[in-house]
1. Which of these, A:40, A:29, A:71, has the largest mean-square fluctuation under a Gaussian network model of chain A (Cα springs below 10 Å)?
2. How many nm is it between the label spots at residue A:112 and residue A:13, if each spot is 7 Å from the Cα in line with the beta carbon?
3. Test of understanding: in a Gaussian network model of chain A with alpha carbons linked when under 10 Å, which of A:70, A:25, A:95 would top the mean-square fluctuation ranking?
4. Tell me whether the stretch B:37-114 comes out rounded, prolate or oblate; compute the Cα gyration tensor, take square roots of the eigenvalues as a ≥ b ≥ c, and use a/c under 1.5 as the rounded threshold.
5. Taking a ≥ b ≥ c as the square roots of the eigenvalues of the Cα gyration tensor of the stretch B:16-73, is the shape rounded (a/c under 1.5), prolate (a/b larger than b/c) or oblate?
6. Find the Rg to Rh ratio for the protein assembly as shown, where Rh is the Kirkwood radius over alpha-carbon pairs and Rg uses the same atoms.
7. In chain B, with Lys and Arg counted as +1 and Asp and Glu as -1 at Cβ, which of these residues, B:92, B:39, B:65, has the Cα nearest the positive end of the dipole, that is, farthest along it?
8. Go through the stretch B:102-116 residue by residue and turn each phi into a ³J(HN,Hα) via Karplus (6.51, -1.76, 1.60, θ = phi - 60°); whole Hz please, and just put x for glycine and proline.
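Coordinate-derived values only; no laboratory data. This is a predicted model, so every value here is computed, not measured. No Cβ is skipped: glycine too gets one built from the backbone with ideal geometry, and neighbour counts run over all protein chains shown.
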Amino acid sequence: DSGVTQTPKHLITATGQRVTLRCSPRSGDLSVYWYQQSLDQGLQFLIQYYNGEERAKGNILERFSAQQFPDLHSELNLSSLELGDSALYFCASSPRDRNRRGDTQYFGPGTRLTVL
Amino acid sequence: AQKITQTQPGMFVQEKEAVTLDCTYDTSDQSYGLFWYKQPSSGEMIFLIYQGSYDEQNATEGRYSLNFQKARKSANLVISASQLGDSAMYFCAMREGRVTGNQFYFGTGTSLTVIP
């Protein structure tokens with residue numbers, strides 16, 4: 001158990017809908033990262049938040065948005081869902097902003113999103 | 001060009017033998033980090049080992065070691081004394097630092113099967 005929690009574990013929805021994925025980082029970790037893992041695209045970095053502020057952006061679509069709250073939990077919002085958004089969405093946390101030796105990213109169990 | 005290349009889609013190794021999983025990377029940065037993660041069939045992502053670009057010695061974590069050859073831009077993972085529980089997907093990843101924040105790239109993974 002990494003200490004990172006994600007809810008829900010599974011989510012099934014229809015095209016055009018909007019969903020929210022939730023992540024609670026490990027206690028004391030200030031950075032939260034979101035990743036998408038799909039069969040055709042592999043594992044893609046989406047976005048990073050550090051202590052409530054957006055820190056880095058990867059391949060995140062405009063239909064997707066995220067935020068990190070004062071209690072450091074984070075939410076990833078996916079809207080106007082398409083079939084291709086079906087994937088495993090991971091959240092990871094780390095203590096600080098930059099990864100160094102001993103300052104690694106700990107991944108949550110993921111949320112499996114299925115868009116029908 | 002691919003940032004991270006893993007050329008071995010699948011590998012087999014006899015239990016108790018050592019195995020090397022290949023990873024090459026592409027960056028023009030001087031400062032970067034390299035990671036290996038393990039993803040069992042259960043889906044979670046487990047951090048294995050980290051190598052910083054300025055680290056002079058190869059990283060080691062228990063049975064895992066990272067063969068870092070900077071000039072060749074390779075960061076191969078060596079697993080010694082393979083165990084049945086090592087059967088999983090293995091991902092190589094790289095962090096590049098930017099003024100606008102870190103960027104993370106993952107390879108397509110290598111599926112390792114340990115044979116009894």
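1. Between A:40, A:29, A:71, it is A:40 that shows the largest mean-square fluctuation.
2. Here the answer is 1.8 nm between the modelled labels.
3. A:70
4. On the way: a/c = 2.28, a/b = 1.38, b/c = 1.65.
Oblate is the answer for the stretch B:37-114, as a/c is 1.5 or above yet b/c matches or exceeds a/b.
5. Numbers: a/c = 1.98, a/b = 1.54, b/c = 1.28.
Because a/c hits 1.5 or more and a/b exceeds b/c, the stretch B:16-73 counts as prolate.
6. Working: Rg = 17.5 Å, Rh = 18.1 Å.
So for the protein assembly as shown, dividing Rg by the Kirkwood Rh gives 0.96.
7. Looking along the dipole axis, the top candidate is B:92.
8. 6, 10, 10, 10, 10, x, 7, x, 10, 8, 9, 10, 9, 9, x
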